[in-house]
1. Among the listed residues 251, 246, 258, 284, which satisfies the condition of being within 30 Å of residue 123 (Cα to Cα), among the β-branched types (Val, Ile, Thr) and modelled with pLDDT of 95 or more?
2. Which residue, of 318, 289, is among the charged types (D, E, K, R), more than 16 Å from the ligand (Cβ to nearest atom), on the phi < 0 side of the Ramachandran plot and at pLDDT 95 or above?
3. Open to solvent by less than 50 Å² (accessible area, probe 1.4 Å) and at pLDDT below 95, is that true of residue 145?
4. What pairs come up if the first residue lies in segment 740-752 and is farther than 7 Å from residue 762 by Cβ, the second is open to solvent by less than 80 Å² (accessible area, probe 1.4 Å) and of a type in the set (Val, Ile, Thr), and their beta carbons are under 6 Å apart, counting only those six or more places apart or on different chains?
5. Residue 493 versus (1) within 28 Å of the chain's Cα centre (by Cα); (2) open to solvent by 30 Å² or more (accessible area, probe 1.4 Å): which is the lone unmet condition?
6. Taking segment 367-412 as the region of interest, how many residues are basic (Lys, Arg) and either at pLDDT below 95 or closer than 20 Å to residue 430 by Cα (or both)?
7. Could you tell me which residue of segment 715-756 is nearest to residue 856 (Cα to Cα), considering only residues that are more than 28 Å from the chain's Cα centre (by Cα) and assigned to a loop (DSSP other than H, G, I, E, B)?
8. With (1) open to solvent by 30 Å² or more (accessible area, probe 1.4 Å); (2) away from the ligand (no atom under 16 Å from the Cβ) as the list, and residue 407 as the residue in question, which single condition is left unmet?
Amino acid sequence: MSFSYVEDVLPGNGALPPRAWYAESSAASLSLNGAWRFRLSETADAHDDSFAAEGYGEGDDAGEWAEVTVPGHWVLQGHGAPLYTNHLYPFPVDPPHVPAENPTGDHLRVFDLPDGWPADDGGATLRFDGVESCARVWLNGTGIGEFKGSRLPHEFAVGHLLRPTGNVLAVRVHQWSAGSYLEDQDQWWLPGIFRDVTLLHRPADGALDFFVHASYDHTAGTGTLRVDSDVNGRVTVDGLGVEVATGETVTVPVEPWTAETPRLYAGALDTGGERVPLRIGFRTVELSDGLIKVNGVPVLFKGVNRHEWHPERGRALDLETMRRDVELMKAHNINAVRTSHYPPHPAFLDLCDEYGLWVIDECDLETHGFVEQGWRDNPVDDDRWTPALLDRAARMVERDKNHPSVVVWSLGNEAGTGRGLTAMAEWIRGRDPERLIHYEGDANCRDVDVYSRMYADHAEVDRIGRGLDGGPSHRRALPFILCEYAHAMGNGPGGLADYQRLFAAHDRLQGAFVWEWIDHGIADERYGYAYGGDFGEELHDGNFVCDGLLFPDRTPSPGLLEFKKVIEPVRFEIDATAGTVRVTNRFDFRDLSGLTFTWSYEEEDEGAVASGPLTVPALGPGESTELKLPRDRAGSPDGWTLRALDADGHEVAWGRPEVTTAAVRAARFPGRSGTRPVPGPDRITVGPGVFDARTGTALSIGGVEVVGPRLDVWRAPTDNDNGASWQNDERLGLLWRRLGLHRVRHRADAVEVTDDALTVRGRSAPAGTDIGLRTLFRWSADEELLRLAVSVVPEGDWRVPLPRLGVRLGLPGGADAVRWFGGGPGEAYPDTRAASRVGRWESTVDALQTPYVRPQENGARADVRWAEIGGLRVEGSPDFFFTARRWTTEHLDAAEHLTDLVPGDTVWLNLDHALQGIGSQSCGPGVLPQYRLTPGSAEFTFTFRTC
Ligand code: GAL
């Protein structure tokens, strides 16, 4: 038999024309999801098609076969292994050829028609919602076709082949095919029937394709509806009193659909033989005045890129997981999704309609690996492939065209440029002129309606916002989005707030989409979560696949909490001195009437002392007002917290005063009468502190044994510190290591006891270089309180910022509970501190850790005034960053997976005067200048006492 279809550039054979997807209708349907018999072969041609022959699956022929769950990927069910590459094809680039080693899964499913399956001969359609990457299908021994286009639906007419019982559905799935050249997205390669398989009864006069056109005229407040349908019928919308024929236009007063106000009207299309429920959202998308407008209003995308991911099931997502994604997005103020880089499971778009999210629906197309050969032979610039590209465009548009949430079609991702893309754009524009077109690779914006970039740095985005970006004049007239920015790999992304300020400042900047929504870690007994290379791949890109705002189990990362704060739709600017707050509505469409507001006032040492409701008028979009704070407080000016809550009591936004803390800090170090240090032969005592007389190292404080403190400048480099392999910019993680900052040695030059202090002078420096840091630790005390004043002076030609600057201190391993006053509850770094709320917090050492899939620096709390742990209270002046771990930084640095982190018998504290920012250089720009920790002279103080 012929296997030529595998390497055929054409999309397939036998499938029905693509059409609109709908979740349900009055027609009968039968899900064929569930357990299927399964046989894996190493090559496409290992077996002939006898397994598909009639009767094969009925007896014991398939008795030796394994079983897999459909939807699913066989490599996640114990057959073969997943493999991860970013852009490199994991096979020789020789289009359209694929390797002889082509894992091929034969799937068999025997089914009976359920009781009550209509006996008429209207027909039946077999629908595959997603199969990676190429499938050939037989029903009851008859070949019905083969197809490619993994994340797109394919339907086949099978009515003539069905029988009441014992139907044998045979599906042969090849991991590699010509289609793989078009599906080089940065993700795991996961073959299988990974979306639903459904048998749909097609009654006589059943619906075929239909197109719901529902626009909104914001000047008149009316919606105009027309449903074009292949099969004529009636359209009803009860809530609007609408009953019209298909093809007929009706205009009625409506409430519009927006992502903020997702008003859907329940309706139905009745074609005589079938009644299809409709969910209609009236809205008009247009490009006008150089802006993307919906219902006449420019929108600001606060978006994420969403790959489909589940740590056990890969891209085979169930409805609950999809709903969880949407609920998490809404709960974190996200208003837009780019379905990177393929159309999602169709039910996801239903959820976007229902909950309200702007969607950029992206086609299943990426040929990124051709970049390695200067884009030579790129399929998108080769006419032989154009039918496949058009097929993909049509399958996306036809399937998803009835979703109000979809406002922009995207041709694909990172596929270079070429005639095929232009053909797709032209086809889409002809079929659906009522939406906009996006493709980031179209630098001159020939085919698209929006200028889109990925990872442009702040300065460039600012220039674009000001219209100073050059390029063809046509492009300069277009709105701008960052379809990807803020690479959320590991700790980070940094600089979100700085981007958001730019988006707020320039109309042309219509927002951005964080890369990306969720880490694609695979649940794995060996490692907790596995990433690239953990399955013995020849080529792989390591943990570059773990770069999301959610951890693989969908726990929000600190990055998501930061994003939520940065994009919050209500802004509070508190002037504690004047006792006022300016409240601004940053929604595009909603007023504030659906929210409730509260104030609370907290004293540093007492916790919340007063709180109550705040009356805020129903400000319209963009409006702001100044209100009096309800009570004048005499205490600390930074005690105020204002909050906006939705109807469920969920916090949407909050505000605290910007505090200049000099006054606060000064109050923390009252002058006290000092005690004299007491020198001895081995030990020196300074108030509650006992020191080694030779080295000047602290041994105990108030009876609590300690290790150190000593100067510390090292942190386990984050993915963003390390930067991306292709970057020529300063990649700090690598430079730091080259300089030896991970192996700094410490020398004490002098241990001096005077009347009022113990002073230890020293120098910290790595081998092989003359640069270093001169240190002076000055210890003084009264009866209860031990004070350490640190002064650091860099020596030599430092050309890199420091990872951190502070002291490291070991405490007995029993230390667990932590209390502090400062930023919390989560981690924060200089450029990721928007969501850090100054107040009183408590936690445990374990809970302070952020479980980045590849271990790295994490867990610092910012703006800390005091912290209590292991019986010690530390206060800082100025405020400090606080970190506590059960392993050293060196262990953290060496770990590759979370399972490598084994608690030791010391709890290590880092009390940092300063930290280098985080940035986004694991794919994008590095740390902004204002967040760099440039070496310079520094002085800072900590006081210690028991508690
Ligand atoms: C982009 C690409 C994404 C992803 C990201 C890095 O270039 O479009 O698919 O690879 O970089 O994580």
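1. Only one candidate qualifies: 246.
2. 318
3. No; evaluated as a whole, the condition is false for this residue.
4. Correct list of pairs: 741/713; 751/760; 752/759.
5. (2) is the only condition that residue 493 fails.
6. Residues flagged as basic (Lys, Arg) and either at pLDDT below 95 or closer than 20 Å to residue 430 by Cα (or both) within segment 367-412 amount to 4.
7. This residue is 740.
8. Every listed condition holds for residue 407 apart from (1).
The values are calculated or read from the model by the stated rules, or taken from the named source; none is laboratory data. Please read these numbers as outputs of a predicted model, since none were measured by experiment. Heads up, the Cβs are rebuilt from the backbone with ideal geometry, glycines too, and the neighbour counts pull from every protein chain shown. Just the protein is used for accessible areas: all its heavy atoms, side chains included, with ligands, DNA and RNA removed. Shrake-Rupley method; radii C 1.70, N 1.55, O 1.52, S 1.80 Å.
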